[in-house]
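Below: the structure, in C-alpha cells.
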Amino acid sequence: MNTEVSSTMQTALVTGGSRGIGAAIAVELAARGFRVVINYRNNTEAAQTVANTIEQAGGQALLIKADVSKPDDVNTMFAQLDRDVGHLDVLVCNAGVTRDTLLGASEPDDFDTVFATNIHGVVNCCRQAAKRMASARCGVIITISSVAAQRPGRGQSNYAASKGAIEAFTKALAVELAPRGIRVNAVAPGVILTEMSADVRAMAAEEVTKKILLKRPGNAQEVAKVVGFLCSDEASYVTAQVWNVDGGFKVE
Ligand code: NAP
C-alpha cells in the first residue's frame with residue numbers, strides 16, 4: 001500500500017469500498033485525483049485488490065476495516081483517518097446489506113440487521129464527517145439509496161424502509177449543513193450487476209429487465225460516474241437531491 005500522504009491531495013472515504021458499487025466509486029474518485037480511504041467490513045482481500053488497482057494507476061489508497069453499524073468502530077476509523085491523513089473532503093456512504101423476505105415470514109432480526117448497516121451506518125459516519133467538514137467549512141457527502149425507496153419490490157419492506165430513511169436523512173442533513181458550505185446528495189441505483197443483486201437477477205432476470213426502459217441492468221461504473229460528478233465542483237450548485245441511476249426502472 002502507498003503510505004506516503006500528500007498534504008495537498010483531497011481525501012474521499014468510501015464505505016463498503018471493497019466490492020461492487022463501492023469499489024467502482026473508489027476507483028472513479030481515485031481517477032479524479034482523490035486519495036481514497038477504502039472502508040470494508042470483512043473482505044480484506046477484496047479491499048486490497050481495489051487498493052492495488054488504484055495504486056497501479058498512480059493513485060493513493062488506504063484501507064480501514066470497520067463495521068459502520070457499530071459507533072465504536074466508526075469512531076476508531078475516523079480517529080485513524082485524522083491521524084494518518086488529517087482531513088476529509090468527501091464521504092460516500094455506500095455500505096449496505098439486504099435481507100429480502102416477505103414481512104409475515106421475517107424475523108425482527110431481519111429488520112434490525114438491515115437498519116443497523118443501511119441507516120445507522122450512514123448516520124454514524126455522517127455524524128463524524130459533519131463535525132470535521134463543518135470546521136473546515138467545506139465538504140461533500142453522498143449517500144447511496146436505491147430505487148426500492150420509491151418503487152419497492154415484493155419482500156423488500158425492510159430494505160425499502162431503510163433506503164426511504166436514507167433519502168429523508170440526506171435531505172435533512174443537506175438543510176443542516178448548507179450554511180457550512182457542505183453539499184449532501186443521494187444516489188439511487190436501480191438493478192446493478194453486483195453480488196447484492198445476483199439472487200434477484202438469477203430468479204427473475206427477464207421479469208426484472210422488462211421493467212427497465214433501457215432493457216438491461218446497469219454496471220457499477222455507471223453509478224460511480226454519477227457519484228464522481230456529484231463529488232466534483234461541476235456539481236457545485238447541487239444539494240439535497242436524489243439522483244436515480246436506474247435505466248428508467250418501473251417508469252412505464
Ligand atoms: P455488495 O456487492 O454486496 O457490496 C457491499 C459492500 O458493503 C462490501 O464492500 C461490504 O464489505 C460492505 N459492507 C456491508 N456491510 C458493511 C458494514 N456493516 N460495514 C462496512 N462495510 C460493509 O453491494 P453493492 O451491490 O455494491 O451495493 C452497494 C450499495 O448500493 C448498497 O448501499 C446497496 O444497498 C446499494 N444498491 C445496490 C443495488 C444493486 O443492484 N446492486 C441497487 C440499489 C442500491 P465486505 O466486502 O467486507 O463484505
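The values are calculated or read from the model by the stated rules, or taken from the named source; none is laboratory data. Just so it is clear, the model here is predicted, and its values are computed rather than measured. Backbone-built Cβ (ideal geometry, glycine too); neighbour counts: all protein chains shown. Surface areas here come from the heavy atoms of the whole protein model, side chains and all, with no ligands, DNA or RNA. Shrake-Rupley method; radii C 1.70, N 1.55, O 1.52, S 1.80 Å.
Restricting attention to segment 180-198, the residues that are open to solvent by less than 30 Å² (accessible area, probe 1.4 Å) and within 14 Å of the ligand (Cβ to nearest atom) total 9. Residues that are near the ligand (Cβ under 10 Å from one of its atoms) and under 21 Å from residue 91 (Cβ atoms) were ranked within segment 43-62; the one that is surrounded by the fewest Cβ atoms within 10 Å (Cβ to Cβ) is 43. In the condition set (1) within 10 Å of the ligand (Cβ to nearest atom); (2) open to solvent by less than 60 Å² (accessible area, probe 1.4 Å), residue 65 is compliant with all but (2).
Residue 89: under 19 Å from residue 131 (Cα atoms), more than 10 Å from the ligand (Cβ to nearest atom), touching a Ser or Thr at 6+ places or on another chain (Cβ under 6 Å) and touching a residue at least 60 places away in the same chain (Cβ under 8 Å), yes or no? Full working, then the answer.
Numbers: under 19 Å from residue 131 (Cα atoms): yes; more than 10 Å from the ligand (Cβ to nearest atom): yes; touching a Ser or Thr at 6+ places or on another chain (Cβ under 6 Å): yes; touching a residue at least 60 places away in the same chain (Cβ under 8 Å): yes.
Yes.
Conditions tested, residue by residue: (1) more than 22 Å from residue 18 (Cβ to Cβ); (2) open to solvent by 60 Å² or more (accessible area, probe 1.4 Å); (3) of a type in the set (S, T, N, Q); (4) at pLDDT 95 or above.
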| site | (1), (2), (3), (4) |
| --- | --- |
| 69 | no, no, yes, yes |
| 72 | no, yes, no, yes |
| 78 | no, no, no, yes |
| 84 | no, yes, no, yes |
| 88 | no, no, no, yes |
| 91 | no, no, no, yes |
| 94 | no, no, yes, yes |
| 99 | no, yes, no, yes |
| 104 | yes, yes, no, yes |
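Identify the single condition in (1) touching a residue at least 24 places away in the same chain (Cβ under 8 Å); (2) of a type in the set (Lys, Arg); (3) more than 15 Å from residue 124 (Cα to Cα) that residue 41 does not satisfy, given that it satisfies every other one. Going through the list (1) touching a residue at least 24 places away in the same chain (Cβ under 8 Å); (2) of a type in the set (Lys, Arg); (3) more than 15 Å from residue 124 (Cα to Cα), residue 41 breaks only (3).
Condition check ((1) within 16 Å of the ligand (Cβ to nearest atom); (2) of a type in the set (Gly, Ala, Ser); (3) closer than 25 Å to residue 101 by Cα; (4) open to solvent by 80 Å² or more (accessible area, probe 1.4 Å)) across all residues:
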residue	(1), (2), (3), (4)
200	yes, no, yes, no
203	yes, no, yes, yes
210	no, no, yes, yes
214	yes, no, no, yes
220	yes, yes, yes, no
226	yes, no, no, no
230	yes, no, no, no
234	no, no, no, yes
239	no, no, no, no
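Going residue by residue through segment 125-143, is there one that turns out to be among the hydroxyl-bearing types (Ser, Thr, Tyr) and free of Cβ contacts under 8 Å to residues at least 40 places away in the same chain? Looking for residues that are among the hydroxyl-bearing types (Ser, Thr, Tyr) and free of Cβ contacts under 8 Å to residues at least 40 places away in the same chain, one finds at least one in segment 125-143, hence yes. Listed conditions (1) closer than 24 Å to residue 222 by Cα; (2) within 16 Å of the ligand (Cβ to nearest atom); (3) open to solvent by 20 Å² or more (accessible area, probe 1.4 Å) are all met by residue 171, apart from (2).
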